[in-house]
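Beneath this line is the structure, given in structure tokens, with notes to follow.
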Amino acid sequence: MPDIDFRKLRLGEILIENNVITEKHLDIALEATKTTGKKLGEVLINLGFITEKQLLQTLSYQMNIPLIELQDYPIKLDKVKLISEDWAKKFEVLILGEEDGHLVMAMTNPLDYNTRDTVRLFTDKEIKVVICTHASLSKAIQDSYRELNVEHALGSMDQASGLIDTEMGDADTIAESSAPIITLLNNILRKAVTSNASDVHFETYEKIARVRMRIDGDLKEEFSLKTSTYTNLVARIKVAANLNTVEKRLPQDGRINMVINRQNIDFRISVLPTYAGEKVVIRILNQTQALLSLEELGFTADTERLYRNLITSPNGIILVTGPTGSGKTTTLYATLSALNSIDKNITTVENPVEYKLFGINQIQTNEALGLDFNVILRSILRQDPDIIMIGEIRDEETAAIAIRAASTGHLVLSTLHTNDSVSTIGRLIDMGIPPYLITDSLRGVIAQRLVKKICPQCKTSVPATPDQAAWLGIKEGTPLYHGTGCSHCENTGYKGRIAIYEMLPIDGAMQRAIEKKANSAELYQLAESKGLVRLADSCKELVLKGITTIQEHGKITYTVRTSSEGSLS
């Protein structure tokens, strides 16, 4: 490579020299920089003259600087902290480590010699530059300094741990000496919110404790910590949630409200004693997060049409079923939003109230005061309701009241824990509801699950193997999609989740079969003859569209499966 003084070269000249842009492109872009105030490279990309990859590849080749994938690079936190987080964000640089006495520094603009010289003078080290994309650098800066903050909080807590008598559980003493603990807890909750976690698990064992987060349905360990540190952290959580810090033998429930990233977040706290100590699970409810509409739930056109027909019934009960964490509450809230109008009196009984809806009377249970589902339901029926939403049918008494309300002119929405739509019938019968009452009141059942979506940034396809083709009932070689893993999805290959549905309307034929006490296999056979799309088939459609993977389909068919004879397994 010729001996070039890169300090004298400008970005436009380098790009023209390498035939990436023309002089006309450069003139247009330079004029745009005057009016927008943006940097030349950003303007060229925005105008569509080049891509960020083209820009970085050209600079990498011309200047003999490595172009790296940051998610694959081992970042050393002891080197990251040589410069402040604010400075790293402002000048878009990150010190990754040290090689042969040189600090390795990631940049998006290697022509920024002022920043390079400043870091060299500040650290008294020579700088070796590597190039990376804006997106990967921003994420690496955020993740690296967040880990540093957690490390700092953990270190500070270890030094201060002797100041806190956790056995006494004195709230004032804890509050006075808990600055490191507060920092740690805030960092954990902030990371949970920014990672779109649904729950945070704090767990202790005999020699070590750990913190895990549930992201896209899967638990992922974030870090481990000493049991002494863990005890102090749990004490801080209990103080913040107004729980009894002395009581360690009984379960406790509470809540913490915080504003994180300008979002109002409600954290629901559950403390449970285990043999090694107290386990804490924090459920994250984002009150400022926009609720989904029916159109955004992911229904197929036919399923949405069927469901809209069901919820326009003047009376009867509609059940949304599935295991915990399958999105049932989201479906109910979308339904309530669709039904909410000035001429309807809508009342809910929930535990907890997860989102506040204007125009709807929402009641939260409080069993400590004797205000449980059954007590509230009896009172609701004296409030002239049109539509009642019951957060969950938990027992025979709640089921009986809900069925009675549905049989006397009210539309009732609720949830039930069953594996599929058809087994809901048997579950109601097991709860003591006679078949004639089920046929009189039940309008429909919608079973659902959440499956992970493939990350759009690292999505790729491979031809289906013979086994995969046989499993899905498709031609061998049909493209199937998966994510290879990248910084956008934290190398999981997945980003976000989507619901799949199984819709069972209760029509005349189904009512007659229920009254005859048909078993699940017979009910399924009847439902499929009328066009029932099973959960597995709904998931298969997403697999073939490239929205989810065959692995996610395997989880659904394992959970909800029928044999060739049609009996439930």
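The values are calculated or read from the model by the stated rules, or taken from the named source; none is laboratory data. What you are looking at is a predicted structure, and each value in this text was computed from that prediction instead of being measured. We place every Cβ from the backbone using ideal geometry, glycine too, and count neighbours over all the protein chains shown. We work out accessible area using only protein heavy atoms, side chains counted, and drop any ligands, DNA or RNA first. Shrake-Rupley method; radii C 1.70, N 1.55, O 1.52, S 1.80 Å.
Taking the range 13-89 and the helices (runs of 4 or more DSSP H) fully enclosed by it, the elements with 1 or more residues that are open to solvent by 90 Å² or more (accessible area, probe 1.4 Å) are at 23-36, 40-46, 52-63. Within the range 310-334, restricting attention to residues that are in contact (Cβ under 8 Å) with a residue 12 or more places away in the chain and exposed (fewer than 13 other Cβ atoms within 10 Å of the Cβ), the residue that is nearest to the chain's Cα centre (by Cα) is THR324. Condition first: open to solvent by 50 Å² or more (accessible area, probe 1.4 Å), of a type outside the set (Val, Ile, Thr), within 30 Å of GLN142 (Cβ to Cβ) and modelled with pLDDT under 95. Can you find one or more residues in the range 508-526 that meet it? Within the range 508-526 (the criterion being open to solvent by 50 Å² or more (accessible area, probe 1.4 Å), of a type outside the set (Val, Ile, Thr), within 30 Å of GLN142 (Cβ to Cβ) and modelled with pLDDT under 95), the answer is no, since none of the residues qualifies. In the set (1) open to solvent by 30 Å² or more (accessible area, probe 1.4 Å); (2) over 23 Å from GLY327 (Cα atoms); (3) at pLDDT 90 or above, SER564 fails one condition alone, (3). Residues that are in contact (Cβ under 8 Å) with a residue 40 or more places away in the chain, among the hydroxyl-bearing types (Ser, Thr, Tyr) and assigned to a loop (DSSP other than H, G, I, E, B) within the range 445-479 comprise just one, THR478. LYS344 fulfils the conditions (1) closer than 30 Å to LEU185 by Cβ; (2) open to solvent by 60 Å² or more (accessible area, probe 1.4 Å); (3) touching a strand residue (DSSP E or B) at 6+ places or on another chain (Cβ under 7 Å) except for a single criterion, (1).
Tell me whether the range 234-242 contains one or more residues that are over 26 Å from LYS139 (Cα atoms), surrounded by 21 or more Cβ atoms within 10 Å (Cβ to Cβ) and at pLDDT below 90. Checked against the condition, which is being over 26 Å from LYS139 (Cα atoms), surrounded by 21 or more Cβ atoms within 10 Å (Cβ to Cβ) and at pLDDT below 90, the range 234-242 yields no hits at all.
The residue of the range 437-496 that is surrounded by the fewest Cβ atoms within 10 Å (Cβ to Cβ), among those that are within 30 Å of GLU515 (Cβ to Cβ) and not hydrophobic (A, V, I, L, M, F, W, C), is ASP440.
Evaluate the following for GLU247: is it touching an Asp or Glu at 6+ places or on another chain (Cβ under 8 Å) and surrounded by fewer than 16 Cβ atoms within 10 Å (Cβ to Cβ)?
No.
For the subset of the range 418-436 comprising residues that are open to solvent by 40 Å² or more (accessible area, probe 1.4 Å) and touching a Ser or Thr at 6+ places or on another chain (Cβ under 8 Å), which member is modelled with the lowest pLDDT? The residue in question is ASN419. Per this entry, THR415 is counted among residues that are open to solvent by less than 30 Å² (accessible area, probe 1.4 Å), modelled with pLDDT of 90 or more and under 24 Å from the mean Cα position of the chain (by Cα).
The one condition from (1) outside any helix (DSSP H, G or I); (2) open to solvent by 40 Å² or more (accessible area, probe 1.4 Å) that GLU397 does not meet is (1).
A search for C-beta distances below 7 Å between a residue of the range 338-355 that is under 16 Å from GLY409 (Cα atoms) and any residue that is surrounded by fewer than 15 Cβ atoms within 10 Å (Cβ to Cβ) and not polar (S, T, N, Q), counting only pairs 6+ apart in sequence or on different chains, returns ASN345/ASP384.
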